[in-house]
Amino acid sequence: MDKIKRNVLLNPGPATTTDTVKMAQVVPDICPREKEFAGLMKGLRSDLLRVVHAPEEEYTSVLFCGSGTINIDICINSLVPEGKKILVVNNGAYNSRAVEVCEMYHIPHINLKFSVYEQPNLEEVENTLMQNPDVAVVYCCHHETGTGVLNPIREIGALAHKYGAIFVSDTTSTLGMIPLDVVKDNVDFCMASAQKGLMAMSGLSFIVGKKSIIGASKNYPTRSYYCNLYLQYEYFEKTGEMHFTPPVQTIYATIQALKEYFEEGEEKKFARHHRVYEAIHEGLDELGFKTIIPREIESGLVVSVLYPSDSNWSFEKVHDYCYERGFTIYPGKISTTNTFRLCSLGAIDVSDIRDFFVVLKDALNEYDIKIASNKK
Ligand SMILES: *Cc1c(COP(=O)(O)O)cnc(C)c1O
C-alpha cells in the first residue's frame, strides 16, 4: 500500500488522524447486525465512559450516526419535560446553535446571552435560575470552538444542581483533549463526535449521560423520531445494536483511535495539545499577528487570530497557499470581527506547527502582506 499523504489540519475538526486509524477502516465487509459487530460496539461504549471517567453503574453512552450537531439536537429535544424550560448559557456560536434547536422544536427556553469574548457570569446564571424555578435543564458548551473560550462548566453544573436542574454540556471540542471527569465536573450529559478529540473519522457521534435521567425521559414529550435519546438507548440495551444502520467503517476507526488514546494517555495527550497551542501562539507572536481572546480563558485548543489590516491580506489566498503545501487554516466564527482560526487538535505536534509557520511566512512574502505595521 502506498503511503497516504499526511495533511496537517489546523481547522477545529475533523482532525489529522494517524495512518493506523485511517487503515483500521479497511476491513472485510460485514453486516452490522452480526453479533461480532454488536460486541465491538459494546467495548466501544464502555471505552467512551472511561474517557470521561463515568462510572458504569450510573452512566451510559449512546451512539448515533451523524455529525456532532446531532447530539445537540438529541439532548435538547429529548431531555426537557412537559411544562419545563431549558436555560442556555450562551457566549458563542455553538451555544447559539443549541438556542436554534430550541426554536426549531418550539421548546420553552431562556437564551442567557453573554459576550463572545468572555466567560459567562456565574452570578447572572444563578439569578436566572433563582427567578425561573421551571428550568429543568441547564445547557452550556464546554469550549466555544468559534472563539476558543473555555467555559467554567464545573461551576455552572453545580449551580444547575443547586436549583434542581440537570446539566448538559456540549463537550464536542474538548472531550479526549482536556481531561473531563463527569462526576467531579457536575455533568449529567456530555457529548462529542469521533473526528475531534478522539482523532477518528466523521460520522459517529455519542452522548454520555445518566441512565436514571434517560429512563425518566421515556415519559417526556417526544419531538423527533430518528433523534430520540430514550429510543436509541432502549434499543442498545435490548439488542446491543443501533436502531438503524451504524457508520460501520467509522466505528472500526474509532475503536483503533480509542486504543491509541489510552496508549498515549489522558495527561500526555493533554500536554501534547497544549504544547502545540503554545507553539501556535509563539509563531503568531513572531510574525506580529494579534489574537483576540485573553490567554487566561482560552481552552488551549483554538486560537482566534485577527486579520491583519494590510490591504494585501486575503484569507483565501493565504489559505490556498498553505493548503497546497499540506496545511489547512480555518475561517473565524465571530460575526463582528474578521478572524481566522488555528487549532491544536489531532495527531500533530510542535514540529508540524514550526513547519506550518515557515509556509505561512512564505505566503505572506509571496503576497507582500505586512503584519508588523498592523498596530490596532
Ligand atoms: C464541532 C462542534 C460541534 C459539531 O459540529 P458538526 O459540524 O455537526 O460536526 C458541536 N459543538 C461544538 C462545540 C463543536 O466544536
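So for the range 155-195, considering every pair of alpha-carbon atoms, how many percent are separated by more than 17 Å? Display every interim value, and only then the final one.
On the way: 232 of 820 pairs.
Here the tail beyond 17 Å accounts for 28 percent of pairs.
Mean-square fluctuation check for the chain, GNM, Cα pairs under 10 Å: which of PRO133, PRO331, PRO246 is largest?
Maximum fluctuation in the GNM of the chain, among the listed residues, is at PRO133.
Using modelled backbone amide H atoms (1.01 Å from N, in-plane), which distant-in-sequence or interchain residues come within less than 5 Å of VAL135's amide H?
For VAL135, the qualifying residues are LYS85.
Obtain the radius of gyration and the Kirkwood radius of the chain from its C-alpha atoms and give Rg over Rh. Spell out each step's value before the answer.
On the way: Rg = 21.1 Å, Rh = 21.5 Å.
Over the Cα atoms of the chain, Rg/Rh equals 0.98.
Express the relative contact order of the chain as a whole percentage, based on alpha carbon pairs under 8 Å and six or more residues apart in sequence.
Working: 722 pairs, mean separation 87.4, N = 376.
With pairs under 8 Å counted, the relative contact order is 23 percent.
Rg and Dmax of the range 225-301, Cα atoms, in Å?
20.0, 58
Which values, in whole Å and largest first, are the semi-axes of the equivalent ellipsoid of the range 244-341 obtained as the square root of 5 times each eigenvalue of the Cα gyration tensor?
Working: eigenvalues 192, 74, 37 Å².
Equivalent-ellipsoid dimensions as semi-axes: 31, 19, 14 Å.
Residues with amide H under 5 Å of ILE292's amide H, sequence separation 5 or more or different chain, H placed in the peptide plane at 1.01 Å from N; which?
SER304, LEU306
Give me the one-decimal Kirkwood hydrodynamic radius in Å for the range 302-376, with the sum taken over alpha-carbon pairs. Can you show the working numbers first?
Working: mean 1/r = 0.0765 Å⁻¹.
After inverting the mean inverse Cα-Cα distance, the result is 13.1 Å.
Where in the range 136-151 does the label zone of GLU124 land, with the point 7 angstrom along Cα→C-beta and an amide N cut-off under 19 Å?
138-151
Name the GluC sites (Glu not before Pro) in the range 1-91 that are in a loop by DSSP and that have at most 13 other C-beta atoms within 10 Å, would you?
Working: sites: GLU34, GLU36, GLU56, GLU57, GLU58, GLU82; in loops: GLU34, GLU56, GLU57, GLU58, GLU82.
The qualifying sites are GLU34, GLU56, GLU57, GLU82.
In units of 2.2 N^0.38 Å, what is the alpha-carbon radius of gyration of the range 38-186?
Details: Rg = 15.1 Å, N = 149, 2.2 N^0.38 = 14.7 Å.
Here the Cα radius of gyration is 1.02 times the empirical estimate.
Counting only protein heavy atoms, what percent of the accessible surface of the range 210-260 is carbon or sulfur at a 1.4 Å probe? Walk me through the numbers on the way to the answer.
Values: 1240 of 2400 Å².
Exposed carbon and sulfur together represent 52 percent of the surface.
Express the accessible area of the range 179-329 per residue in Å², computed with a 1.4 Å probe while the remaining protein chains stay in the model.
Details: 6190 Å² over 151 residues.
Dividing the accessible area of the range 179-329 by its residue count gives 41 Å².
Arrange the residues ASP310, ASP285 by how much accessible surface each exposes, largest first, with a 1.4 angstrom probe.
Working: ASP310 35, ASP285 100 Å².
Result, largest first: ASP285, ASP310.
Pull out the extension gain between ARG33 and LYS113, defined as 0.36 nm times the separation in residues minus the alpha carbon to alpha carbon distance; nm, one decimal.
Numbers: separation 80, 0.36 × 80 = 28.80 nm, distance 4.49 nm.
Difference between extended and current length: 24.3 nm.
Run the reach check for LYS211 against lysines, Cα to Cα strictly under 19 Å, same-chain hits fewer than 8 apart removed. What comes back?
Of all the lysines, those that pass the test against LYS211 - Cα under 19 Å, at least 8 places apart if same chain - are LYS42, LYS184, LYS238.
Can you report the principal axis dimensions of the range 1-68 using only the alpha carbons, biggest first, rounded to whole angstrom?
Per principal axis, max minus min of the Cα coordinates gives 44, 31, 20 Å.
The values are calculated or read from the model by the stated rules, or taken from the named source; none is laboratory data. A quick note: this is a predicted structure, and the numbers were derived from the prediction, not measured. With ideal geometry, Cβ positions are generated from the backbone for all residues, glycine too; neighbour counts draw on all protein chains shown. Please note that ligands, DNA and RNA were not included when accessible areas were found on the heavy atoms of the full protein model with its side chains. Shrake-Rupley method; radii C 1.70, N 1.55, O 1.52, S 1.80 Å.
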